[in-house]
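For reference, the structure discussed in these notes is given below.
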Amino acid sequence: MSDALPTNAFSIDSLTLVTILLMALTTYLTRVLGFALVHNRTLNPKLMAVLENVPGCVLISVIAPSFVSDRPSDLLALMITLIAAMRLSLLPTVIIGVVSTGLLRQVL
């Protein structure tokens, strides 16, 4: 008996691969074009305030569906994430949110 993996063990659907590549390209272009547009410009304070709040808005848009979830694990993870957000900066909050969601979904 052979212990070799089947040849299709790591195969990926071509549509899935194209989707992943297009999302990666879109993400990269968004960053590069954003940098290119503001590279040598002085931004007014209002625009700077808006740009500084974008990461928080993205975080809210990711966790907002949990507010209407019927899964106890999601609601508990949401509470943990909100408490972390009140006390910590963005990166630790995101890490705590992702880890608590994953662990609680496995446990509950």
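The values are calculated or read from the model by the stated rules, or taken from the named source; none is laboratory data. This is a predicted model, so every value here is computed, not measured. FYI the Cβ positions are ideal-geometry reconstructions off the backbone, even for glycines, and counts take in every protein chain you see.
In the stretch 63-78, which residues are surrounded by 12 or more Cβ atoms within 10 Å (Cβ to Cβ) and part of a helix (DSSP H, G or I)?
Listed by number, the residues that qualify are Ile63, Ser66, Ser73, Asp74, Leu75, Leu76, Ala77, Leu78.
Yes/no per residue for (1) farther than 27 Å from Ser89 by Cα; (2) surrounded by 10 or more Cβ atoms within 10 Å (Cβ to Cβ):
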{"site": "Ile20", "(1), (2)": "yes, yes"}
{"site": "Ala24", "(1), (2)": "no, yes"}
{"site": "Thr30", "(1), (2)": "no, yes"}
{"site": "Val38", "(1), (2)": "no, yes"}
{"site": "Thr42", "(1), (2)": "no, no"}
{"site": "Leu47", "(1), (2)": "no, yes"}
{"site": "Leu51", "(1), (2)": "no, yes"}
{"site": "Ser61", "(1), (2)": "no, no"}
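Just to be sure I understand, how many residues within the stretch 51-96 are among the acidic types (Asp, Glu), under 16 Å from the mean Cα position of the chain (by Cα) and at pLDDT below 85?
Within the stretch 51-96, residues that are among the acidic types (Asp, Glu), under 16 Å from the mean Cα position of the chain (by Cα) and at pLDDT below 85 number 0.
Please count how many residues of the stretch 38-47 are assigned to a helix (DSSP H, G or I) and either at pLDDT 85 or above or among the aromatic types (Phe, Trp, Tyr) (or both).
Adding up the residues that qualify gives 3.
Which of the residues belonging to the stretch 97-108 are more than 15 Å from the chain's Cα centre (by Cα) and polar (S, T, N, Q)?
Of everything in the stretch 97-108, just one residue is more than 15 Å from the chain's Cα centre (by Cα) and polar (S, T, N, Q), namely Gln106.
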